[in-house]
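Okay, so here's the structure we're looking at.
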Amino acid sequence: MSKRKIQEDHLLIGECISQVQEILRERFCHQQLPDRPEGLEAQHKHLLELLKRTAVHGESNSVLIVGPRGVGKTMLLKCVLRDLLEEKEAQKNLLQVHLNGLLQTDDRIALKEITRQLHLENVVGDKVFGSFAENLAFLLEALKKGDRSSSRPVLFVLEEFDLFAHHKNQTLLYNLLDVSQSAQAPVAVVGITCRLDVLELLEKRVKSRFSHRQIHLLSNPTFPQYLAQVRTQLSLPADFPDHQFAEDWNASVKTLVEDKSAVDVLQRHFNSSKDFRSMHMLLMLCLSRVSVAKPAVKPADLLEASRLCFSDAKANILHGLSVLELCLIIAMKHLNDVYEGEPFNLQMVHNEFKKFLQRKSNSMYNFEQPVIMKAFEHLQQLELIRPLDSSAARIQREYQLMRLMLDHSQIMEALQKYPQCPTDIKQWAMSAFS
């Protein structure tokens with residue numbers, strides 16, 4: 001009987017762990033919008049009023065939201081739009097067009113995307129337009145109501161706004177801002193960018209049509225606030241089905257954020273990046289280590305997750321190199337030390353490698369020149385070495401000048417972790433680095 005009871009309890013824990021995984025993964029991966037953006041109340045109010053004037057009163061506006069990556073620019077806009085669409089008139093009339101500078105790389109692609117999002121493909125059909133302005137004017141004209149007296153308000157959201165400034169003649173920006181200045185149609189243009197100098201990128205004619213309204217988000221949380229946020233993100237809600245499990249879990253989270261080793265790990269992350277995405281990445285890695293056998297996040301899990309977050313990609317590449325490629329990298333490092341960081345070519349590296357071979361009477365590392373050339377090219381493909389300049393293409397491959405893109409610590413770490421690294425290569429590396 002007791003065995004069965006233990007088994008049932010075990011199953012219950014299994015179900016609880018599944019629900020914990022589901023709730024927290026949902027929280028980390030599909031970031032839910034907060035009821036009110038914390039610390040951004042003034043900016044929220046300002047942006048909501050601006051967009052309300054366009055959506056309800058038909059007044060055109062333009063505004064830039066500026067701030068570093070991960071500070072909450074898009075989240076602020078989404079919160080404002082959610083609150084705006086609670087108004088019946090805005091919900092009924094407002095049209096939205098979302099463009100991204102990384103996706104819409106030129107004005108032709110952007111115009112196609114505007115047409116698609118406004119559902120006007122059939123209206124445009126096979127019409128040919130003389131200019132971008134003519135095409136945009138036609139689209140906005142098509143949105144007018146039956147009596148032609150008024151047009152539906154359109155919100156244009158331009159993410160990565162600074163990239164649109166690199167389009168030829170800045171035609172898209174010029175025409176959108178020109179429409180927002182004239183009484184053609186009620187249009188709101190909201191730009192989102194992380195560049196503080198974004199106005200310097202705009203042409204004079206574009207700048208003169210911009211309202212020069214900017215909303216700056218420069219959130220700078222303190223470490224205690226960051227810790228409180230970690231605790232909130234990991235805690236289970238009050239309506240969790242198993243109250244006892246939720247209490248135990250939340251108590252373990254409280255213990256975790258008070259543990260010295262965990263606080264040190266979080267301090268390192270806080271110093272590296274204060275944004276939510278990197279925090280969620282760290283907590284997601286911790287969550288993946290939770291199981292029935294280990295139903296709580298421990299400081300050791302946080303330490304392991306931190307190690308994965310901060311792992312050096314280049315050092316990891318070195319673990320997969322062949323012995324010959326590793327030898328060539330050690331020879332390059334040796335040349336760097338001798339010539340104080342001066343560039344090298346394949347011939348110099350090969351000569352350095354030969355010196356190592358001459359020390360060994362029965363060397364197993366006697367490779368032909370084409371094999372060494374192939375290994376050298378592979379290192380270049382992996383971007384562990386790179387040519388000094390672009391004119392190198394005209395020079396014979398053996399004599400192209402290269403630079404090593406690795407430092408001392410990365411090579412030493414790779415040698416320590418390299419599976420079954422030959423002892424004589426390790427000794428040669430040590431002599432090269434001493």
Cross-link reach list, lysines versus Lys355, counting only Cα pairs under 26 Å and skipping chain neighbours closer than eight places: Lys333, Lys374, Lys417, Lys426
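State whether segment 225-264 is rounded, prolate or oblate according to the following rule on the C-alpha gyration tensor (a ≥ b ≥ c being the square roots of its eigenvalues): a/c under 1.5 gives rounded; otherwise a/b larger than b/c gives prolate, and the remaining case gives oblate. Before the final figure, lay out the partial values.
Values: a/c = 4.40, a/b = 1.86, b/c = 2.36.
Oblate.
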Okay, helix-only estimate at 222 nm for the chain: each DSSP H run of n ≥ 4 adds -39500 (n - 2.57), divide by all residues, round to 500 deg cm²/dmol; what do you get? -17000 deg cm²/dmol
Sort segment 297-428 into rounded, prolate or oblate with this rule: let a ≥ b ≥ c be the square roots of the eigenvalues of the Cα gyration tensor; rounded if a/c is under 1.5, and if a/c is not under 1.5, prolate when a/b is larger than b/c, oblate otherwise. oblate
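Kindly report the accessible area of the chain per residue (heavy atoms of protein chains, probe 1.4 Å, no ligands, DNA or RNA), in Å².
Numbers: 23770 Å² over 434 residues.
I get 55 Å² per residue for this part.
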Residues of type aspartates and glutamates that Lys254 reaches as a straight line, Cα spacing below 18 Å, ignoring anything fewer than 8 places off in the same chain: Asp264, Asp301
Would you mind getting me the FRET efficiency between Asp242 and Asn220? Use the beta-carbon distance for r and R0 = 41 Å, nearest 0.05. 0.60
Taking all protein chains together and a probe of 1.4 Å, list Arg82, Arg289 from the most accessible to the least accessible. Arg289, Arg82
Degrees separating the helix 260-272 axis from the principal Cα axis of the chain, which is the longest one: 70 degrees
Tilt of helix 41-55 relative to the longest C-alpha principal axis of the chain, in degrees (0 to 90, nearest 10)? 50 degrees
Area accessible to solvent at Lys45, 1.4 Å probe radius, in Å²: 130 Å²
With every protein chain present, what accessible area does His98 have (1.4 Å probe, heavy atoms only), rounded to the nearest 10 Å²? 80 Å²
Accessible surface of the chain [probe 1.4 Å, protein heavy atoms]: carbon and sulfur percent: 52 percent
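If you add up the charges near Pro221, with Lys and Arg at +1 and Asp and Glu at -1, over every other residue whose beta carbon is less than 13 angstrom from its beta carbon, what do you get?
-1
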For the chain: rounded, prolate or oblate by the Cα gyration tensor [a/c cutoff 1.5]: oblate
Whenever you get a sec, line up Lys88, Lys207 from highest to lowest accessible area (probe 1.4 Å, protein heavy atoms). Lys88, Lys207
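Please give the charge dipole size of the chain, origin at the Cα centre, charges +1 on K and R Cβ atoms and -1 on D and E Cβ atoms. Round to the nearest 20 debye. Display every interim value, and only then the final one.
Numbers: 53 positive and 53 negative charges, 56 e Å.
So the magnitude is around 260 debye.
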With all protein chains modelled, accessible area of Lys354 [1.4 Å, Å²]: 90 Å²
Close Lys-Lys pairs in segment 1-113, where close means Cα under 19 Å and separation is 8 or more or interchain: 9
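The values are calculated or read from the model by the stated rules, or taken from the named source; none is laboratory data. Source: prediction; values computed, not measured. As a convention, Cβ positions derive from the backbone with ideal geometry for all residues, glycine included, and neighbour counts pool all protein chains shown. Surface accessibility is based on the protein's heavy atoms, side chains included, excluding ligands, DNA and RNA. Shrake-Rupley method; radii C 1.70, N 1.55, O 1.52, S 1.80 Å.
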